[in-house]
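Here the structure is laid out as structure tokens; the discussion comes afterwards.
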Amino acid sequence: MQGTAIAQPNIALIKYWGKRDIDRNLPAVGSISITLRELHTRMHVELDEALDADVLTVNDEPDENMLPRLSACLDRVAGAGRPRARIASTCNFPIAAGLASSASSFAALTVAAAAAAGKSFDVARLASLAGQASGSAARSLLGGFVELENVGDDIACRSLCDAGDWPLTVVVAITESGPKAVGSTEAMEISRRTSPFYSSWVDQQAEDLDTARAAIATRDFEKLAAIAEHNCLKMHSIMWASRPPMVYWNAATMRCLQTVRQLQGQGKGVFFTIDAGPQVKAVCLPEHAAAVEAALRATAGVVDIMTTGLGEGAHLENQG
Ligand code: DP6
């Protein structure tokens with residue numbers, strides 16, 4: 001009655017922002033992401049009839065905040081009549097700071113919980129269950145370049161290119177390590193309700209997805225760079241124009257963007273993307289990773305750097 005799974009976060013190049021069904025957590029738009037390799041969340045789930053309530057530790061410390069969302073995910077995977085669970089999560093990168101910790105957490109939790117409950121779900125079902133907990137988590141079930149599509153009243157994830165077939169490097173510039181002020185779930189709803197740009201975002205997404213898919217199929221880095229930066233800035237524009245406005249960037253975030261522009265001016269293969277947080281993810285060709293890392297490290301306000309390749313999808317470590 002226990003399972004341990006490991007999952008890597010993913011970074012969206014064409015973003016998920018907005019929901020078409022809040023209750024079932026269905027995204028308003030499709031998205032394309034890359035799954036990372038070096039960052040990970042490990043989840044251990046043990047179902048125990050002797051427990052009265054679910055208990056959670058995060059990095060060995062008791063944690064109540066995340067528990068309701070994790071319990072709801074366990075109910076969906078193992079059934080509401082399941083025994084209560086002991087959940088232990090360990091994560092080797094900052095949590096809730098715009099580094100997609102919810103994606104790796106819920107992907108790992110879904111796989112571990114299915115194993116603990118003795119359910120043999122296929123990847124499509126696991127992705128759908130993970131997505132109900134957190135939209136981006138569905139994409140962490142697969143490795144490399146992953147597309148999440150809206151299909152009927154569900155989602156479907158598929159691999160566009162394996163990690164080894166286009167081995168890009170991601171340099172994450174951490175500009176602040178605390179948790180973010182507004183979580184993405186709430187920020188998406190504020191955007192949908194109040195941003196004058198939200199409907200054009202939804203309308204244009206299919207075109208951005210087509211462009212990115214074509215760039216990935218032909219390994220066209222310049223084309224992918226242009227559409228990913230455009231899509232990212234469009235997503236942040238929605239938030240800036242919302243009421244209240246939501247600005248996740250700080251001064252160092254902006255300076256990192258300038259560093260990326262300078263590197264591009266020197267002919268380096270690199271582009272930026274930013275999620276609901278102040279960190280800048282610089283996606284680059286492996287031969288330029290050292291230069292990108294050095295330039296971002298030297299950028300004022302950058303407190304840490306993490307460099308990673310692309311990795312595999314979530315998987316089970318053990319079951320018993
Ligand atoms: C900016 O998946 O965290 O990272 O479904 O409400 O849990 P919920 O949202 P979440 O949102 C991710 C938003 C994003 C873009 C992306 O990963 O596609």
**Asked** Once both axes come from the Cα atoms, what is the angle between helix 67-78 and the longest principal axis of the chain, in degrees from 0 to 90, rounded to 10?
**Response** 70
**Prompt:** How far, in degrees from 0 to 90, does helix 251-265 lean away from the longest principal axis of the Cα atoms of the chain, to the nearest 10?
**Reply:** 60
**Request:** Report the extension gain between Glu61 and Asn150 in nm, rounded to one decimal, defined as 0.36 nm multiplied by the number of residues separating them, less their alpha carbon distance.
**Result:** 28.3 nm
**Item:** Percent breakdown of C-alpha pair distances by 10 Å bin, ordered from the shortest bin, for the range 1-42
**Value:** 25, 32, 35, 8
**Request:** Would you kindly find the accessible area of Cys232, with a 1.4 Å probe and non-protein molecules such as ligands, DNA and RNA excluded, rounding to the nearest 10 Å²?
**Result:** 0
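Roll a 1.4 angstrom probe over the protein heavy atoms and tell me the percent of accessible area of the range 119-260 that is carbon or sulfur. Walk me through the numbers before you get to the answer.
On the way: 3200 of 6110 Å².
Looking at the range 119-260 in its full context, I get 52 percent from C and S.
For the range 1-135, compute the orientation-averaged projected area of the C-alpha convex hull (one quarter of its surface), in nm².
Details: hull surface 32.0 nm².
Average of the hull's projected areas for the range 1-135 equals 8.0 nm².
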**Message:** Using only Cα atoms and rounding to the nearest 10 degrees, what angle (0 to 90) does helix 184-194 make with the longest principal axis of the chain?
**Reply:** 60
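Pairs of Cα atoms under 8 Å, at least six residues apart: use those to get the relative contact order of the chain, whole percent. The partial results should precede the final answer.
Values: 762 pairs, mean separation 83.9, N = 320.
Once divided by the residue count of the chain, the mean separation gives 26 percent.
Quick one: in the range 155-225, what % of C-alpha pairs are over 21 Å apart? The partial results should precede the final answer.
Details: 1343 of 2485 pairs.
It works out to 54 percent of all Cα pairs.
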**Asked** Under Stokes-Einstein, with the Kirkwood radius over Cα pairs standing in for Rh, what whole-number D in µm²/s applies to the range 121-172 at 37 °C and 0.692 mPa s?
**Response** 283
**Complete:** Highest mean packing first, using Cβ neighbours within 10 angstrom, the peptides 130-140, 5-15, 44-54, 204-214 sort as 130-140, 5-15, 204-214, 44-54
**Prompt:** Considering the Cα trace of the chain, what is its radius of gyration and what is Dmax, both in angstroms?
**Reply:** 18.9, 62
**Request:** In whole Å, largest first, what are the principal axis extents of the Cα atoms in the range 188-308?
**Result:** 42, 36, 23
**Prompt:** For a paramagnetic label modelled at 7 Å from the Cα of Asp52 toward its Cβ, which residues of the range 79-95 fall within the zone defined by backbone nitrogen distances under 16 Å?
**Reply:** 84-86
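Which sequence of Arg125, Arg82, Arg243, Arg193 reflects their accessible areas, 1.4 Å probe, from the largest down?
Working: Arg125 105, Arg82 15, Arg243 185, Arg193 155 Å².
Ranked list, largest accessible area first: Arg243, Arg193, Arg125, Arg82.
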**Complete:** Here D for the range 119-244, in µm²/s, from Stokes-Einstein with a Kirkwood Rh over Cα pairs at 20 °C and 1.002 mPa s, works out to 129
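The values are calculated or read from the model by the stated rules, or taken from the named source; none is laboratory data. As the structure is a computational prediction, the values presented were derived from the model and not from experiment. Neighbour counts run over all protein chains shown; Cβ positions are idealised from the backbone, glycine included. For the accessible areas, the whole protein counts, side chains as well, though only heavy atoms, and no ligand, DNA or RNA atoms are used. Shrake-Rupley method; radii C 1.70, N 1.55, O 1.52, S 1.80 Å.
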